[in-house]
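Heads up: the structure comes next, in structure tokens.
The values are calculated or read from the model by the stated rules, or taken from the named source; none is laboratory data. These numbers were taken from a predicted model, which means no experiment stands behind them. Every residue, glycine as well, gets a Cβ built from its backbone with ideal geometry; the counts of neighbours run over all protein chains shown.
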Amino acid sequence: MDADAVAPWSVAEVAHFCELLESQEDDPKKLEKRIEKDARPFREVMSKAVDIALSGRMATSGLMTHLPVDGALAVAHAITTHAVEPQDVDWFTAVDDLTQDAGETGAGHLNTQQFSAGVFYRCASLNLRQLQVNLGLLSDIHADETSQSRQRALAIARHVLYLLATVVPSAKQQSFAAHNLADFAIVSLADQPISLANAFERPVECNRDGGFMEPSITRLADYWSRINQAYGLDEQARAFALKDDIELGDQVAWNNLAQLEDWIAADAQD
């Protein structure tokens, strides 16, 4: 394995390798050949490595080349739905007590940081069948799902939705405390992942009250309806919205995220 490569391994995998080396294979090269010949027993210990099953892993040399994992989850970079306003400037200083004790004046440090605010759109897709393969629940991507394997994948998908709606990046939180939860979410169960980013190819303009949130939600829901009609997509979709009376297609969005989570866990059954 490349010396400078990041190598995600599950604890169960490491324990399995150690057990084999102690009891059967004392030569790492023999172990590598064994994995190359039949990696199925090694994949069985992946059932609890949900993070690797979601994100995947790749390497160009070493043991990991025989145990690749195609990521089941894809997350796009968040984009603003509108043109970003000119950045504000925050002046800040740091007081140096030693400088004051020495009878000197002035701050120990003086600097600025720029910031802005926006309404963001973020898209993620989760391949449920690939997730089941990565967890060792299916032998390959073409194998038939079982009710147990699909329910396991749906349970993880439910949690992924919760994380996407509630978890925000931790950088600069001590300075800005930007703990903003999602105002609107669409979940679609379909054969093909569809990004709705093109809804904002033309930047959203603020409404008469000066806000970007409501026109962004309206634009997104309208684009979803138009692209589904234009391509005849056969997908099951529902939405969550903080604001009342938001519609996705012919259905009113739920105003409780738990309802959308339960819908996912029930395999798109109301």
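Let me confirm something: among Arg122, Arg208, Arg152, which residue is under 19 Å from Ala268 (Cα atoms) and of a type in the set (D, E, K, R)?
Selected residue: Arg152, the only one of Arg122, Arg208, Arg152 that is under 19 Å from Ala268 (Cα atoms) and of a type in the set (D, E, K, R).
Looking at (1) surrounded by fewer than 18 Cβ atoms within 10 Å (Cβ to Cβ); (2) over 14 Å from the mean Cα position of the chain (by Cα), which is the only condition Leu163 fails?
(2)
Could you give every pair whose Cβ atoms fall below 8 Å, whose first residue belongs to region 255-267 and is under 16 Å from Thr166 (Cα atoms) and of a type outside the set (A, V, I, L, M, F, W, C), and whose second residue is modelled with pLDDT of 95 or more and in a helix (DSSP H, G or I), counting only separations of at least 6 or pairs across chains?
Going by the 8 Å Cβ cut-off, the qualifying pairs are Glu261/Arg158; Glu261/Leu161; Glu261/Tyr162.
If I filter region 1-34 down to residues being polar (S, T, N, Q) and at pLDDT below 75, which single residue comes out as surrounded by the fewest Cβ atoms within 10 Å (Cβ to Cβ)?
Result: Ser23.
If you take the residues in region 73-100 that are of a type in the set (Val, Ile, Thr) and touching a strand residue (DSSP E or B) at 6+ places or on another chain (Cβ under 8 Å), which one is farthest from Arg219 (Cα to Cα)?
Thr93
Given the structure, is Lys48 under 19 Å from Leu126 (Cβ atoms), surrounded by fewer than 16 Cβ atoms within 10 Å (Cβ to Cβ), at pLDDT 70 or above and basic (Lys, Arg)?
Judged against the criteria, Lys48 is a match.
I'd like to verify a number: residues in region 59-85 that are within 28 Å of the chain's Cα centre (by Cα), surrounded by 13 or more Cβ atoms within 10 Å (Cβ to Cβ), part of a loop (DSSP other than H, G, I, E, B) and at pLDDT below 85, how many?
Of the residues in region 59-85, 2 are within 28 Å of the chain's Cα centre (by Cα), surrounded by 13 or more Cβ atoms within 10 Å (Cβ to Cβ), part of a loop (DSSP other than H, G, I, E, B) and at pLDDT below 85.
If you scan region 203-232, which residues turn out to be at negative phi, assigned to a loop (DSSP other than H, G, I, E, B) and without any contact (Cβ under 8 Å) to a residue 24 or more places away in the chain?
Asn207, Arg208, Asp209, Gly211
Could you tell me whether any residue of region 152-161 is hydrophobic (A, V, I, L, M, F, W, C), closer than 25 Å to Gln259 by Cα and modelled with pLDDT under 95?
Looking through region 152-161, none of the residues is hydrophobic (A, V, I, L, M, F, W, C), closer than 25 Å to Gln259 by Cα and modelled with pLDDT under 95.
Does Phe240 qualify as being under 20 Å from the mean Cα position of the chain (by Cα), surrounded by 13 or more Cβ atoms within 10 Å (Cβ to Cβ) and either among the aromatic types (Phe, Trp, Tyr) or over 30 Å from Thr93 (Cα atoms) (or both)?
The answer is yes for Phe240.
Is it true that some residue in region 126-140 is more than 30 Å from Cys206 (Cα to Cα), surrounded by fewer than 14 Cβ atoms within 10 Å (Cβ to Cβ), in contact (Cβ under 8 Å) with a residue 60 or more places away in the chain and not aromatic (Phe, Trp, Tyr)?
Among the residues of region 126-140, at least one is more than 30 Å from Cys206 (Cα to Cα), surrounded by fewer than 14 Cβ atoms within 10 Å (Cβ to Cβ), in contact (Cβ under 8 Å) with a residue 60 or more places away in the chain and not aromatic (Phe, Trp, Tyr), which makes the answer yes.
Residue by residue through region 244-257, note down the ones that are under 23 Å from Ala78 (Cβ atoms) and more than 24 Å from the chain's Cα centre (by Cα).
Ile246
Please enumerate the residues belonging to region 204-259 that are touching a Pro at 6+ places or on another chain (Cβ under 6 Å) and modelled with pLDDT under 95.
Asn207
When the residues of region 86-115 are narrowed to those that are surrounded by 10 or more Cβ atoms within 10 Å (Cβ to Cβ) and within 30 Å of Glu205 (Cα to Cα), which ends up farthest from the chain's Cα centre (by Cα)?
Per the criteria, the residue is Asp90.
What are the pairs, 6+ residues apart or on separate chains, where a residue within region 186-197 that is within 17 Å of Ile217 (Cα to Cα) has its Cβ under 7 Å from a residue that is among the acidic types (Asp, Glu) and assigned to a loop (DSSP other than H, G, I, E, B)?
Partner pairs satisfying both residue conditions: Ser188/Glu235.
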